[in-house]
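A.B. asks: Before anything else, here's the structure in question.
Where a number appears in this text, it was derived from the coordinates with a stated rule and is not lab data. Not measured: the values here are computed from a predicted model. Note that each Cβ is placed from the backbone with ideal geometry, even for glycine, and that neighbours are counted across all protein chains shown.
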């Protein structure tokens, strides 16, 4: 089986508390989650001061199962599922750092199969 996919767009951002992770791809493209972490990874837009940073958990499986192989996906921060795995002190604000790609190509298999093949390559 020939599986051809072309990365069309790449996005990597911090999604602060009360923001919405909004992954959207164009027609004939699907989302491929490439990384996702939840916590207080580093000082930045969502955590402006060096106060209890460095705690995080990998939420790739959660975000990939919700968003990959779809054209559009919205996840509020904090989503209840993410708050359950909050790796930091619960009284501290956490955020999500996520990356995704929009992939397109002449798919000769189902979109789910293409995404699974791409995950094994990454």
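A.B. asks: Quick one: what Rg and Dmax do you get for the range 33-98 from the alpha carbons, in Å?
C.D. replies: Cα radius of gyration and Dmax of the range 33-98 are 12.0, 37 Å respectively.
A.B. asks: List the residues of the range 11-40 whose backbone N lies under 14 Å from a point placed 7 Å from the Cα of residue 52 along the Cα-to-Cβ direction.
C.D. replies: What the label zone holds, given the 14 Å backbone N cut-off, is 39-40.
A.B. asks: Sticking with this one: Using a 7 Å offset from the Cα along the Cα-to-Cβ direction at both residue 11 and residue 28, what is the distance between the two label points in nm, to one decimal?
C.D. replies: 2.1
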